[in-house]
1. Could you check how many residues of the range 153-211 are within 13 Å of the chain's Cα centre (by Cα) and part of a strand (DSSP E or B)?
2. Could you grab me the full set of residues in the range 77-91 that are in contact (Cβ under 8 Å) with a residue 60 or more places away in the chain and among the aliphatic types (A, V, I, L, M)?
3. Do we find that L121 is in a helix (DSSP H, G or I), under 17 Å from the mean Cα position of the chain (by Cα) and either modelled with pLDDT under 95 or closer than 20 Å to D175 by Cβ (or both) in this structure?
4. Within the range 56-79, is even one residue of a type in the set (S, T, Y), over 15 Å from the mean Cα position of the chain (by Cα), at pLDDT below 95 and over 18 Å from A203 (Cα atoms)?
5. Which one of these is farther than 21 Å from R166 by Cβ and either at pLDDT below 90 or out of contact with any Gly (no Cβ under 6 Å at 6 or more places or on another chain) (or both): P13, P30?
6. Mind checking which residues of the range 82-94 are in contact with a helix residue (DSSP H, G or I) (Cβ under 7 Å, 6 or more places away or on another chain) and over 14 Å from I143 (Cβ atoms)?
7. Only one of A172, A149, A208 is surrounded by fewer than 16 Cβ atoms within 10 Å (Cβ to Cβ) and among the aliphatic types (A, V, I, L, M); which?
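The values are calculated or read from the model by the stated rules, or taken from the named source; none is laboratory data. Just so it is clear, the model here is predicted, and its values are computed rather than measured. Reconstructed Cβ throughout: ideal geometry from the backbone, glycine too, with neighbour counts over all protein chains shown.
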Amino acid sequence: MRFAAALVLLLAPGIVAPAGAAAQAGSKPPRGLATEALSGESVALLPLTLVVVDPALRGDSAVAVLGARQRLLLWADSVVGDAFQGRAPEVNWVLPPRLRQMARRNPGMVPDPDQMGQAILRAPKLTRIPDPLRGSLRELSAIAGGRFAMAPAALGFSRDSAGGFRADLALALADTRRGVVVWRSATFGSGAAPGDALAAAVAAVLPAPGP
């Protein structure tokens, strides 16, 4: 309980906009994540289930090569997972492929991580997680070996002001035992390719890795 109380103080809830809204609101710096509060913890990094691409990018070859929705989601999971592991190695991130494997090995006990409805966590004012998502997160985190789950709740791609790619990412960290969101951020990044922009969006909320 002392650890949970300290984490809530370090990661007090902020305000997050849906993916893409940051581009309309300007470039307000995103809220960073105090990863030292999670050091040594196992944290489930949930798969993305909501991605939106600006219609102006639909014909861009750099986006088209990523494929249809399901392939795009899997690609984004990989980029986000690599960024979290690379920028915050002190946390034991349990990535989407591992979560899916746990669900397949424990049918009926562990929910499908792609079908839990975690995109609802993008809502700016949502602090208490509703059921059935709350129960699903608790069950999944128990099998993953921790109490917290990080949800990349929504992702949007658009053009930035320089003509490159911009990724807007809504992130929410859930305390699955208490059923509350303890941190959230609307982060964004730009790059010459979609992957660069997405990696930059994650890097904007995580501390730079040490030497």
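1. Here the count works out to 19.
2. V79, V80, A83, A88
3. Spelling it out, L121 is indeed in a helix (DSSP H, G or I), under 17 Å from the mean Cα position of the chain (by Cα) and either modelled with pLDDT under 95 or closer than 20 Å to D175 by Cβ (or both).
4. yes
5. Criteria check complete, one pass: P13.
6. Selection gives A83, F84, R87, A88, E90, V91, W93.
7. None of the other options fit; the residue is A208.
For (1) crowded, with 17+ Cβ neighbours inside 10 Å; (2) among the small types (G, A, S), each residue gets a yes or a no:
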{"site": "P89", "(1), (2)": "no, no"}
{"site": "P107", "(1), (2)": "no, no"}
{"site": "Q115", "(1), (2)": "no, no"}
{"site": "L126", "(1), (2)": "yes, no"}
{"site": "A144", "(1), (2)": "yes, yes"}
{"site": "R159", "(1), (2)": "no, no"}
